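Novice: There's a structure below that I have some questions on.
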Amino acid sequence: STATLDEHRSLLYSNCVTILRVTSIQEPSLAYYLSMDDTLILSLFELLQFKPVFEHVLILTEEILASRESTFPLQRIEGLPKLLKGFSSKQITFFCRLLA
């Protein structure tokens, strides 16, 4: 296959995020542990800009944020307006569900 570097990177991110998502569903204490890492959460929000991994990242982020004891401060997400402008209508819908 003649996949590009970006395609390989997307596949790698997708697989890593999927492993974390499945593991945190099976082991809720992992999701709770990950929820304490604001740097990780900020990185996940940053990854949402990449359409090939959007759904996997969104589901993992949802699991992690649901495990937090406090609300994550959205003002910490640099470039949030730009991120939202890049979303399709469907992605906006899923993102709103994440925030609920």
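The values are calculated or read from the model by the stated rules, or taken from the named source; none is laboratory data. Predicted model, so just to flag it, every value in this text is computed and none were measured. Here Cβ is always computed from backbone atoms with ideal geometry, including for glycine, and neighbour counts include all displayed protein chains. SASA here: full protein model, heavy atoms, side chains in, ligands and nucleic acids out. Shrake-Rupley method; radii C 1.70, N 1.55, O 1.52, S 1.80 Å.
Novice: Of all accessible surface on the chain at a 1.4 Å probe, what whole percent is carbon and sulfur?
Specialist: Accessible surface attributable to carbon and sulfur in the chain totals 58 percent.
Novice: Which net charge results for the neighbourhood of CYS96, defined as the other residues with beta-carbon distances under 13 angstrom from its beta-carbon, given Lys and Arg at +1 and Asp and Glu at -1?
Specialist: In short, +1.
Novice: Next question, about the same structure. What does the accessible area per residue of segment 35-100 come to in Å², with a 1.4 Å probe and no ligands, DNA or RNA counted?
Specialist: 62 Å²
Novice: Report, to two decimal places, the Cα Rg of the chain normalised by 2.2 N^0.38 Å (N = number of residues).
Specialist: Working it through for the chain, the quotient is 1.08.
Novice: Helix-only estimate, please: 222 nm mean residue ellipticity of the chain, summing -39500 (n - 2.57) across DSSP H runs of length 4 or more and dividing by its residues, to the nearest 500.
Specialist: Calculated from helices alone, the mean residue ellipticity at 222 nm is -22000 deg cm²/dmol.
Novice: In the neighborhood of LEU34, defined by Cβ-to-Cβ distances under 10 Å, what is the net charge if each Lys or Arg adds +1 and each Asp or Glu adds -1?
Specialist: Result for the local shell: -1.
Novice: Further question: Just going by the charge dipole of the chain, with Lys and Arg at +1 and Asp and Glu at -1 on Cβ, which of LEU40, VAL57, THR93 is farthest out on the positive end?
Specialist: Selected residue: THR93.
Novice: Here's something else I'd like to know. What net charge do the residues around LEU11 carry, taking every other residue with its C-beta under 15 Å from that of LEU11, with Lys and Arg at +1 and Asp and Glu at -1?
Specialist: Summing Lys and Arg as +1 and Asp and Glu as -1 gives -1.
Novice: If you filter segment 24-100 for GluC sites (Glu not before Pro), then keep DSSP loop positions with at most 16 other Cβ within 10 Å, what is left?
Specialist: GLU69, GLU78
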